[in-house]
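Data first, discussion second: the structure below is written as structure tokens.
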Number of protein chains: 2
Amino acid sequence: MSAPSPQRLRADARRNRDGIRRAALDVFRVRGLATSLEEVARVAGVSKGTIYHRFGGRPGLIDAVVDDLVGDRIAEIIADVESLADPLARFETYLRQIWLLQFDEPAVNDVLLQLMPESRPSTAHCEQASQFAQRLLADAQAAGSVRDDLTGEDLYQLIWERGIIARACDQQSRDSYERRLGFVLHGLRSGV
Amino acid sequence: MSAPSPQRLRADARRNRDGIRRAALDVFRVRGLATSLEEVARVAGVSKGTIYHRFGGRPGLIDAVVDDLVGDRIAEIIADVESLADPLARFETYLRQIWLLQFDEPAVNDVLLQLMPESRPSTAHCEQASQFAQRLLADAQAAGSVRDDLTGEDLYQLIWERGIIARACDQQSRDSYERRLGFVLHGLRSGV
DNA sequence: TCATTACTTGACTGCACAGTCAAGAACCGT
DNA sequence: ACGGTTCTTGACTGTGCAGTCAAGTAATGA
């Protein structure tokens, strides 16, 4: 089922492997990780049999591109947040950015939704994002800015929910989507 | 395209029409309005051709059952809310009940999501629910209990969002779903 | 340059569903 | 009990995707 990996690929095979990877990056970035492999093959200019032969199917292909698709995006947000001092601002900025990222990048969204729970790299990105959120939550709660009864699990669910929504938002405006984030964040604060 | 309607149906036709209606009620209630007509036909014990012949396809069938599927459920909630005095309680109870209804009844959810914008009866139910919400919102805002910047459109979107989520919640517990409703409602209140 | 092996192709199966229609079955009034 | 009409059937077409594989093609190294 998984990809063959002789030390040296034949020249045409290497060319195709790279072309497929590039096509997958383009296509998955815009339309998400569930896009048909036929589409990827068309964009890469190969037949889909080649994708199956080289990558062993969708899981293998995703494993081969997911780091490029997701790694930087989440890292940027974390870096961004690290520059803030106030725990509440850190918490809210992080969530807001992740939620917007889910809207802007279907592929990242699919990862955060755990669309492919079998994929190690995907799962790793998802956990990283989730655990960072939980750290920010703890700090914000310690500072008394966020509801005490909010749990790490809740947070994961809130991210999951946004993902499901972002996915369905196809033709909805980003502004409208973002507007609602404010309401949700407001609901997580402590106090009345 | 639409259903034939001679004054008197033949006996077998009447029997089948009723059987199909009953099957559609059962099946749609549990699995939503997008369930395949093949499934409805199987449950009704007829061939799907009969459904097309009698109801003219999914839209016609839905029009024939949507009132029974939805009418009472929303009416009950409205009646329930009418018995409350406090504007905030009315507002929050209503939203919470509608949101739970969306979880419990896929068919109602599909209606509130405007899955079939062509269907008059469906659209009517949807608007009724939405307009009642807007009235409660206005009252609660007048009493100063709910954020001033919340609009009727926001409210519709919030219901839509829950619908999308409820739909994806297949194997998630109702408790977990309900727990999050509390956070959202909290975010709609005025004050800090 | 040629045999060997790696690689690619596209046609194939399989699945699930929408929607259609000619042929046959069931009903109803006389 | 039969003719005319209504109704039902199920096989058919069409769509779109997953995944497979025998046969053909192209790189490689001796």
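The values are calculated or read from the model by the stated rules, or taken from the named source; none is laboratory data. Just so we're clear, the structure is a prediction, and the values are computed from it rather than from any experiment. Ideal geometry is used to build each Cβ from the backbone, glycine not excepted, and the neighbour counts take in all protein chains shown. Only protein heavy atoms, including side chains, enter the accessible area calculation; ligands, DNA and RNA are left aside. Shrake-Rupley method; radii C 1.70, N 1.55, O 1.52, S 1.80 Å.
Listing for the model above:
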item	result
Pairwise centroid distance, computed over Cα atoms, of segment A:88-136 with segment B:132-186, Å	24 Å
Total accessible area lost when A and B pair, probe 1.4 Å, Å² to nearest 100	2300 Å²
Per residue accessible area in Å² of segment B:90-165, where ligands, DNA and RNA are left out and the probe is 1.4 Å	37 Å²
Simple spin-label estimate for A:Arg179 and A:Glu39 in nanometres, 7 Å along Cα-Cβ	2.9 nm
Whole-number Å³ per residue for the convex hull built on Cα positions in segment B:50-184	103 Å³
Chain A: DSSP helices with Cα axial extent of at least 18 Å and average Kyte-Doolittle hydropathy no lower than -0.5	A:58-82, A:87-104, A:152-168
Closest approach to the axis - chain A beta-carbon, rotation onto B, Å	A:Gly187, 1
Residue-averaged beta-carbon neighbours from other chains (10 angstrom radius) around A:160-168	5
Distance in nm between pseudo-label sites at B:Thr151 and A:Asp12 (7 Å out along the Cβ direction from Cα)	5.9 nm
For segment B:11-62: relative contact order, % (alpha-carbon pairs under 8 angstrom, 6 or more apart)	33 percent
Heavy-atom surface of segment A:11-62, accessible at 1.4 Å and reported per residue (Å²)	52 Å²
Amide proton proximity set for A:Arg189, modelled H, under 5 Å, gap of 5+	A:Arg147
